[in-house]
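Structure record follows, encoded as structure tokens.
The values are calculated or read from the model by the stated rules, or taken from the named source; none is laboratory data. Predicted model, so just to flag it, every value in this text is computed and none were measured. Backbone-built Cβ (ideal geometry, glycine too); neighbour counts: all protein chains shown. Heads up: the accessible areas ignore ligands, DNA and RNA and are worked out on the full protein's heavy atoms, side chains in. Shrake-Rupley method; radii C 1.70, N 1.55, O 1.52, S 1.80 Å.
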Amino acid sequence: MSAADNPSDPAARLAQLRRRLDHAAALAGRTGEVALLAVSKTQSAEAVRALAAAGQRAFGENYVQEAAAKRAELAGLGLEWHLIGHLQSNKCAIAASVFDWVQSVDRAKLVDALDAARDPQRGPLNVLIQVAIDDEPGKSGCRPEAVADLAARVVAAPRLRLRGLMAIPAPHPDVIRRRRAFAELRGLFDRMRFHHPGVDTLSMGMSEDFELAVAEGATLVRIGTALFGPRPKAAA
Ligand SMILES: *Cc1c(COP(=O)(O)O)cnc(C)c1O
């Protein structure tokens, strides 16, 4: 990537990414329907502030503690915080207070713990069910067959609101195989929407493959590197 492809000014980077995203959406016949989550893990609160000043509202974080600190530092900017990293059940209480969305719900225990911990004054916590589409051992996400039961459990939880599905397909070098994973997710999402018509979010696609994900029906893409530049190595 040349310097011209990746301008150093956050507002210019955001505008460029938005153009690519709008172009991909238009090609898929879905102009304006794809939302952008800026993935700010390992980036400073100042970097988030700069992107917020350029108009970005929704930010994604992988670690509960790191997000809690940034949220506190940037309180008052009206930002929306999404947890996209693996969630341990002993972090559910803090996660339910720090985040507006938890995208990584992949087991019943998390549903129960988040519902118990959410302050009803704050309104429902938005939940995506994370599905492991490639069946890679040791990866987060429930099996596709488990989505329906988990979805029903979220719907029954009064302080949670089911919004859809999230997945991180393996970055397979073969574009056909990547595209197939996105298409399978879209199929699972359509099935979920049939049973739960309020569901509206299919979170898939990252810096390297978001155009492919949008072509297959993503409604929310999660972009880190293409917005902030490379992550500091140690914590990536
Ligand atoms: C880090 C991360 C991203 C962003 O990845 P980039 O390749 O930097 O765009 C998206 N989703 C999840 C779950 C992540 O952990």
(request) Could you check how much of the accessible area of the range 1-86 is carbon and sulfur, as a whole percent, using a 1.4 Å probe? (result) 54 percent
(message) Between V155, V39, V64, where does the largest GNM mean-square fluctuation fall for the chain, given springs only between Cα atoms within less than 10 Å?
(response) V155
(request) About the Cα centre of the range 58-213, how large is the charge dipole given +1 on each Lys and Arg Cβ and -1 on each Asp and Glu Cβ? Please answer in debye to the nearest 20. (result) 360 debye
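What is the range 1-127 by shape, rounded, prolate or oblate, if you read a ≥ b ≥ c off the alpha carbon gyration tensor as root eigenvalues and call it rounded for a/c under 1.5, prolate for a/b larger than b/c, and oblate otherwise?
Since a/c reaches 1.5 and a/b is larger than b/c, the shape of the range 1-127 is classed as prolate.
Residues of the range 97-236: accessible area per residue at 1.4 Å, in Å²?
Values: 6670 Å² over 140 residues.
Using a 1.4 Å probe on heavy atoms only, each residue of the range 97-236 averages 48 Å².
If you roll a 1.4 Å probe over the heavy atoms of the protein chains, what accessible area per residue do you get for the range 3-52, in Å²?
Working: 2390 Å² over 50 residues.
It amounts to 48 Å² per residue over the range 3-52.
After finding the eigenvalues of the alpha carbon gyration tensor for the chain, what semi-axes result from the square roots of 5 times each, listed largest first in whole Å?
Values: eigenvalues 136, 105, 51 Å².
Working through the eigenvalues yields semi-axes of 26, 23, 16 Å.
What does the charge add up to near L110, with Lys and Arg as +1, Asp and Glu as -1, over the other residues with Cβ less than 11 Å from its Cβ?
Details: positive: K91, R107, K109, R153; negative: D106, D112, D115.
Taking every Cβ under 11 Å from that of L110, the sum is +1.
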(message) With only alpha-carbon atoms in the gyration tensor, what are the semi-axes of the equivalent ellipsoid for the range 73-116, in Å, largest first?
(response) 21, 10, 8
(request) Go ahead and estimate [θ] at 222 nm for the chain from helices alone: -39,500 (n - 2.57) per DSSP H run with n ≥ 4, summed, over the residue count, rounded to 500. (result) -12000 deg cm²/dmol
(request) Check the straight Cα-Cα distances from K70 and name the aspartates and glutamates below 17 Å, setting aside those fewer than 8 residues away within the same chain. (result) E46, E61, E80, D100
(request) Run the accessible area of the range 96-188 with a 1.4 Å probe and give the carbon-and-sulfur part as a rounded percent. (result) 52 percent
(request) Mind checking which of G76, N62, I223 is farthest towards the positive end of the chain's charge dipole, using Cβ charges of +1 (Lys, Arg) and -1 (Asp, Glu) about the Cα centre? (result) G76
(message) Using a Cα-Cα cut-off of under 16 Å, which aspartates and glutamates could be cross-linked to K139, ignoring same-chain neighbours fewer than 8 residues away?
(response) D106
